[in-house]
Amino acid sequence: MLKIIPFIFILSTPGITAVAEEHLPRDSDYDYDPPVPGSYSLPVVKPSADGALVDSDGRPVNLRDLTHGRVTVLSFIYTRCAAAKACPYAAGVLNQLHLLSVDDQTLAKNMRLVSMSFDPEYDTPQRLAAYSEGVREKKSGCEWRFATAKSRAELDSILSGYGQAVDKRPDSADPQGPLYHILRVFLIDREGRIRNIYSSGTLDPRLVIADVKTLLLEQSRLSKQ
């Protein structure tokens with residue numbers, strides 16, 4: 001996990017508070033206390049890549065439009081994935097973030113979730129729409145978009161830009177799904193810059209929400225300068 005934690009002043013901004021422990025308690029996988037939002041900073045890793053997409057409503061959209069203007073959590077997935085610590089886990093974490101935003105207007109207005117499929121031949125807009133119904137528990141809350149690339153060439157360019165490797169499994173009938181990938185989830189700031197990259201070992205929803213709120217505090221501080 002890419003993170004730098006220097007000494008900085010902790011900011012206090014109305015509407016940006018720590019996540020309640022009863023909502024996201026520690027567990028055996030993440031048995032630690034997450035950092036307090038604003039008590040650390042996140043480095044700029046690199047600019048996020050762009051590409052032509054189609055969303056779950058069948059509408060064309062540029063990836064850039066989904067990675068600017070809000071703090072974005074971007075997860076690469078495919079709907080046929082059944083590997084426990086891969087796509088199903090990532091979808092579950094994004095759902096937890098989405099549920100937190102239902103009662104938090106700051107998150108609802110300033111956070112965006114994106115689930116992007118790298119299996120465009122199978123994951124049609126109709127399948128993505130059905131998938132979204134299965135993983136998203138609430139209709140209200142922050143924006144949560146589901147999309148895939150418009151073409152294989154666009155997909156390859158996007159995956160290369162994010163360093164997301166995807167390979168076909170030797171057995172297409174593998175019970176974990178026909179594609180193999182390393183789970184990578186990206187935290188992107190309002191300017192479209194990648195600020196953290198989570199793996200299956202670091203995708204703790206408590207950490208992600210702390211990072212999101214840290215970026216919101218950073219933006220609030222910069223806007224006052």
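The values are calculated or read from the model by the stated rules, or taken from the named source; none is laboratory data. Because the structure is a prediction, the values reported are computed rather than measured. As a convention, Cβ positions derive from the backbone with ideal geometry for all residues, glycine included, and neighbour counts pool all protein chains shown. What goes into the accessible areas is simple: the full protein's heavy atoms, side chains included, and nothing from ligands, DNA or RNA. Shrake-Rupley method; radii C 1.70, N 1.55, O 1.52, S 1.80 Å.
The set of residues from segment 134-167 being open to solvent by less than 30 Å² (accessible area, probe 1.4 Å), part of a strand (DSSP E or B) and in contact with a helix residue (DSSP H, G or I) (Cβ under 6 Å, 6 or more places away or on another chain) comprises TRP144, PHE146, ALA149.
The set of residues in segment 156-205 that are touching a residue at least 12 places away in the same chain (Cβ under 8 Å), farther than 25 Å from HIS68 by Cβ and of a type in the set (Lys, Arg) contains only LYS168. Residues in segment 168-187 that are part of a strand (DSSP E or B), closer than 18 Å to SER199 by Cβ and either open to solvent by 20 Å² or more (accessible area, probe 1.4 Å) or hydrophobic (A, V, I, L, M, F, W, C) (or both): LEU179, TYR180, VAL185, PHE186, LEU187. Please determine whether any residue of segment 25-36 is open to solvent by less than 10 Å² (accessible area, probe 1.4 Å), outside any strand (DSSP E or B) and modelled with pLDDT of 95 or more. No - not one qualifying residue is present in segment 25-36. A search for C-beta distances below 6 Å between a residue of segment 70-85 that is within 17 Å of GLY201 (Cβ to Cβ) and any residue that is outside any strand (DSSP E or B) and open to solvent by 20 Å² or more (accessible area, probe 1.4 Å), counting only pairs 6+ apart in sequence or on different chains, returns ALA83/GLN176; LYS85/SER200. Restricting segment 37-70 to residues that are within 22 Å of THR214 (Cα to Cα) and of a type in the set (Val, Ile, Thr), the residue that is most open to solvent (accessible area, probe 1.4 Å) is VAL44.
The residues of segment 191-200 that are of a type outside the set (A, V, I, L, M, F, W, C) and either open to solvent by 80 Å² or more (accessible area, probe 1.4 Å) or under 14 Å from VAL45 (Cα atoms) (or both), listed by number, are GLU191, GLY192, ARG193, ARG195, ASN196, TYR198. For segment 71-115, taking the residues that are assigned to a loop (DSSP other than H, G, I, E, B) and among the aliphatic types (A, V, I, L, M), the one that is surrounded by the most Cβ atoms within 10 Å (Cβ to Cβ) is identified as ALA86.
Just one of the listed residues (THR148, THR124, THR106) is polar (S, T, N, Q) and closer than 19 Å to THR214 by Cα, and it is THR106. Going through (1) under 26 Å from LYS46 (Cβ atoms); (2) outside any loop (DSSP other than H, G, I, E, B) one by one, LEU128 falls short only on (1).
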